[in-house]
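Heads up, the thing below is written out as structure tokens.
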Amino acid sequence: MDLPKPAPKEGELLVHVGAASINPYDWKIVDGILEGAMPHVFPLVLGVDGAGVVEAVGPGVRRFRVGDGVYGQFLHAPVGTGTLCEYTTVPETIGVAPIPRGIYTAQAASVPTAGMTARQALDELGLSKRQTLLILGAAGGVGSFATQLAAMAGLHVLVGSRSANRDYLRRLGAMEFFDTSAGHLLEELRYAHPGGVDGILDVMNRGPAFEENLTALREGGIVASTVTKPDPATLAARQLRGTYVGLHPTPELLERLSKELAAGRLRTPVELQVPFADALAAFATLRAGPTRGKAVVVI
């Protein structure tokens, strides 16, 4: 039996979802990261990223019309009205934008959370052309976008990842590769860059591992992390700067990525594409990690 389509409220779009991507934030929601912070509805429909076609618009919608292709991060209250479904609603004011020219729906769905996080992280790092940036966890979703965006900005991009990802990251624009599985990352970095690097984007390490890697920075360098908040005392003792990247998705941030996608300068790193029937298995595989690039579910 067909279920009724949700009706868009004022300022909302009803989107016929064509594809959704899987993000680490999905299982964080399952684990209760937003408990007490936002209302929830059960059973939870997961998926924060999606792409599809506007089926209907609520009163007051200004940016979109029926038939428009849209993509973005659809997370909004109540939690549990996600994108791993056929139809969902989303406020037009959050991080959604028209699908860029020349990009398929499945490709578009891979971009929003990872791409906007990478873009925001580079903005917060504030490095200039020819400065050195080390990206740790570079082969994942955020790292894949950050590697490309940093290279496009003229930074000297160093990446740390498993040896199997060497060629993949070279194709995305990495200039130097360091094998993190060998256990000699810091020694190799000190040999290659004895004065230290200008910045680090760390999307994987916590606790002692995160703090140990700070020794790769030059005095006055900066670190950005998507998984841990740098300790101000530790940074001050080493004369470093640091920032925690908590994504603030906006249409403007996503549209900056849209321009690069439409121009063919930014690649969508879809490494796994599965039908909806295989979504649960893909979810389990990704949670066991680590994985490369992005995984997309075609609805």
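The values are calculated or read from the model by the stated rules, or taken from the named source; none is laboratory data. Since the structure is predicted, the reported quantities are computational estimates derived from the model, not experimental observations. We place every Cβ from the backbone using ideal geometry, glycine too, and count neighbours over all the protein chains shown.
Report whether or not A138 is within 22 Å of D167 (Cβ to Cβ), in a helix (DSSP H, G or I) and in contact with a helix residue (DSSP H, G or I) (Cβ under 9 Å, 6 or more places away or on another chain). Judged against the criteria, A138 is not a match. Screening region 43-68 for residues that are part of a strand (DSSP E or B) and not hydrophobic (A, V, I, L, M, F, W, C) and picking the one that is surrounded by the most Cβ atoms within 10 Å (Cβ to Cβ) gives D49.
Within region 8-28, the set of residues being touching a helix residue (DSSP H, G or I) at 6+ places or on another chain (Cβ under 6 Å), in a strand (DSSP E or B) and among the hydrophobic types (A, V, I, L, M, F, W, C) comprises A19, A20, I22. Report whether or not G293 is within 16 Å of the chain's Cα centre (by Cα) and without any contact (Cβ under 8 Å) to a residue 40 or more places away in the chain. When the stated conditions are applied, G293 does not pass them.
Residues in region 263-276 include at least one that is over 21 Å from V142 (Cα atoms) and surrounded by 15 or more Cβ atoms within 10 Å (Cβ to Cβ). Residue count for region 137-167 satisfying the condition of being surrounded by 24 or more Cβ atoms within 10 Å (Cβ to Cβ) and within 17 Å of P24 (Cα to Cα): 9.
Any residue at all in region 231-248 that is modelled with pLDDT under 95, assigned to a loop (DSSP other than H, G, I, E, B), more than 20 Å from the chain's Cα centre (by Cα) and of a type outside the set (D, E)? For region 231-248, residues modelled with pLDDT under 95, assigned to a loop (DSSP other than H, G, I, E, B), more than 20 Å from the chain's Cα centre (by Cα) and of a type outside the set (D, E): present.
Taken together, F178, F210 contain a single residue that is in contact with a His (Cβ under 9 Å, 6 or more places away or on another chain) and under 22 Å from A118 (Cα atoms), which is F178. Going by the conditions given, is G80 crowded, with 23+ Cβ neighbours inside 10 Å, touching a His at 6+ places or on another chain (Cβ under 9 Å) and either over 26 Å from A262 (Cβ atoms) or touching a residue at least 60 places away in the same chain (Cβ under 8 Å) (or both)? In short, no. Of the residues examined, L257 is not one that is buried (at least 17 other Cβ atoms within 10 Å of the Cβ), more than 30 Å from V90 (Cα to Cα) and either aliphatic (A, V, I, L, M) or modelled with pLDDT of 95 or more (or both).
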